[in-house]
Amino acid sequence: MNHSTRARAYERVARLTAAQVDLATFLDEASALLAKALPHDAACWHTMDPATLIETGFFLEDMPNAPDAEVAALAYLPDDFNSFVALARSGHHSGVLSAATGGRPEQSVRYRELLRPNNVIGELRTSCVVDGACWGNFAFFREAPADFTEDEQAFAHDLASLLGGGFRGAVVRARSRSSAVGLWPGLLLFDENRQVESATGPASHWLGELGFRGTPIEDPLPYALLTVAEHARGGAGDASVRVRGESGVWVEVHASPVSGGAPGRIAVILQSATAPSVAPLLSAAYGLTARERELVDLVLQGCGTGEIATRLFISPHTVQGHLKSIFAKTGVRSRRELVTRVFVPDHSTSRSPRDDGEDR
């Protein structure tokens, strides 16, 4: 790849990120741009929960099959080479498998079980990190005998923050179109063979929010649910992610090992995400400062200007200045809109936000 091709691709990805498109459009366009700058035979893109670094969704390019529970277990082993978590936390967010293994890719479980059987020798992985948070990742593959170069790895790292910004921006552009108030949590129980053993009635609603239209015991389940279950099964203990549902509400997916019975059984609970659970993710997505995040937390608790000023040891005038900055970043005009449109779109706050007449 020559320098001019790289420069043009970088510029176009930057424009795409700045265009503030939805996630599906962003992934389609990014995929088309990088197909020329980083040629590959197949690819898999993922969204991630930046707090837990667990994959919540995927977008495939010319992959043979959609990932199931067994693929998830092999592809995202935390101790395998170039894990997305390790790349997200390192100073260099991109890695080539052959380089990481010193030219011996067979050392990787992922290579032995998934890549080599499909005649893949080249794998380039990148975690898309912006402002210290990872919002997505991608893996590009080349069939034997082709591999990725050190130069291509460096270019992928250069793109990581731009692509991270695109993933992050897509998180904040969906608005809720329905209410989740009054809906009970749903429960699915997986047996030791990764099959659904039982499911409660409300689970159907939450699975529908994750795009599932089948029968839990018979059909492939949503990717976010499979990955969080595998993290719990893999020794992490309790694991959870937050996923934007199809209606715009946030769904929290928890997985825990089940005590008693055969080892390897996992319980998964799906429910409406609470405001405190979603607030850190959205605050990061909107680029709020640490102080602005503190104010948001207090607004979500129903605190007025005076109480916020007292708790943070600042003046009411300073509180109003921070609120104006928060409103500008989130595209609202009052703290009531901030709560009901941005952080709690299902209107399930325990205390109503107090507008003191100074917000607008």
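The values are calculated or read from the model by the stated rules, or taken from the named source; none is laboratory data. This structure is a prediction, so every number in the text was calculated from the model and none was measured. Here the Cβ positions follow ideal geometry from the backbone for every residue, glycine too, while neighbour counts run over all protein chains shown. With ligands, DNA and RNA removed, areas are computed over all heavy atoms of the protein, side chains included. Shrake-Rupley method; radii C 1.70, N 1.55, O 1.52, S 1.80 Å.
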Take region 228-250 and flag every residue that is farther than 30 Å from residue 294 by Cα, touching a residue at least 24 places away in the same chain (Cβ under 8 Å) and of a type outside the set (Lys, Arg).
229, 230, 231, 232, 234
Only one residue in 4, 98, 94 is touching a Pro at 6+ places or on another chain (Cβ under 6 Å) and either surrounded by fewer than 22 Cβ atoms within 10 Å (Cβ to Cβ) or farther than 30 Å from residue 194 by Cβ (or both). Which one?
98
In region 251-294, anything more than 24 Å from residue 192 (Cα to Cα), open to solvent by 40 Å² or more (accessible area, probe 1.4 Å) and either of a type in the set (Ser, Thr, Tyr) or in contact (Cβ under 8 Å) with a residue 12 or more places away in the chain (or both) is listed as 274, 276, 280, 289, 291, 293, 294
In region 126-138, residue modelled with the lowest pLDDT [restricted to those that are open to solvent by 10 Å² or more (accessible area, probe 1.4 Å) and within 15 Å of residue 158 (Cβ to Cβ)]:
130
Name the one entry in 145, 185, 117, 202 that is more than 29 Å from residue 15 (Cα to Cα) and in contact with a helix residue (DSSP H, G or I) (Cβ under 9 Å, 6 or more places away or on another chain).
185
Only unsatisfied item for residue 302, checking (1) of a type outside the set (Ser, Thr, Tyr); (2) modelled with pLDDT under 90; (3) within 25 Å of residue 128 (Cβ to Cβ); (4) not in a helix (DSSP H, G or I), is (3)
Can you tell me how many residues within region 227-250 are touching a strand residue (DSSP E or B) at 6+ places or on another chain (Cβ under 8 Å) and open to solvent by 30 Å² or more (accessible area, probe 1.4 Å)?
5
Which one of 24, 43 is surrounded by fewer than 13 Cβ atoms within 10 Å (Cβ to Cβ) and under 20 Å from the mean Cα position of the chain (by Cα)?
24
Considering only region 342-355, I want to know if a residue exists there that is surrounded by 14 or more Cβ atoms within 10 Å (Cβ to Cβ), at pLDDT 90 or above and not hydroxyl-bearing (Ser, Thr, Tyr).
no
Taking region 328-341 only, how many residues are open to solvent by 10 Å² or more (accessible area, probe 1.4 Å), without any contact (Cβ under 8 Å) to a residue 40 or more places away in the chain and assigned to a helix (DSSP H, G or I)?
4
Looking only at region 158-186, which residues are at pLDDT 95 or above and open to solvent by 50 Å² or more (accessible area, probe 1.4 Å)?
158, 161
